[in-house]
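The values are calculated or read from the model by the stated rules, or taken from the named source; none is laboratory data. Quick caveat, the model's predicted, so the values are computed rather than measured. Don't worry about glycine lacking a Cβ; one is built from the backbone with ideal geometry, like all the others, and counts go over all protein chains shown.
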Amino acid sequence: MKKFNLIIILLFVSFVGFAQSKFIEVVVNDTVSLEPVRFQVNFVAVTVEYDTVVFNQDYDPLVQQENNKNILQGIKAKLEKNKYKVTPLDNSKANIFSDNFWSSGKQGWTVFVNGKEELDALKEVFDSEEQVATDVVVLSYADEEKAEERLIKKLIDKARKRANVIAYNSQLKVGSIIEVREEANGYFGEMNIGDIYLQLARNKMGLGTDYTGSINKTFIVKFSVQ
């Protein structure tokens, strides 16, 4: 009798272990937008085209250098006239999608502004200046932590809905969450350096003329099932 009871107990433990090993795993991805609130705007003189340097016999680098110096002084004077605080060019932060991203050796000026309205007003000052190039960098966004919390909740809700669909069509019932893993977005194995910069920047960088940023996450969520 004792031997029979032991067999029953072992069978019960095995069944419980098998039941507990059953799960549904889903992968979900989503994005939330970020509102930019502070900007860094870099001003530099427009670079002379390569063809001009190579093929124009009248091109004089010293003359061009003097022209650039005059352009830069004109930029500074115009900014100060419009009551902007002007500092020397700071390329420690740069928009990798800008034409001026690789201009670390250039001279220029940097201005900091708050909000989209101030940015638009600043850009209007040089809207018709063909010899002036600008590079806009988003320094901060509004309520990043709250936006990330919303994204996490959104991902968990999406994962549960997807798991419920799978369970319903498998005659199962979704239980509690067993595990949540965050997966790095993108695969870098066969990307060149430009693709890698692009993929990294997509997680949180202002793109387009409104400079809206975003947070993108991918979760792998495992649910117990009954």
Looking only at residues that are farther than 20 Å from Gln226 by Cβ and at pLDDT 50 or above in the range 160-203, which one is farthest from the chain's Cα centre (by Cα)? Arg181
Filter result (of a type outside the set (Gly, Ala, Ser) and either modelled with pLDDT under 90 or under 20 Å from Gln131 (Cα atoms) (or both)) within the range 36-48: Gln40, Val41, Asn42, Phe43, Val44, Val46, Thr47, Val48
Residue in the range 49-91 that is modelled with the lowest pLDDT, counting only those that are farther than 13 Å from Gln107 by Cα and among the hydroxyl-bearing types (Ser, Thr, Tyr): Tyr50
Quick check on the range 102-116. Is at least one of its residues outside the structural domain of Thr218 (by TED's automatic domain parsing), modelled with pLDDT under 80 and either of a type in the set (Asp, Glu) or surrounded by 14 or more Cβ atoms within 10 Å (Cβ to Cβ) (or both)? yes
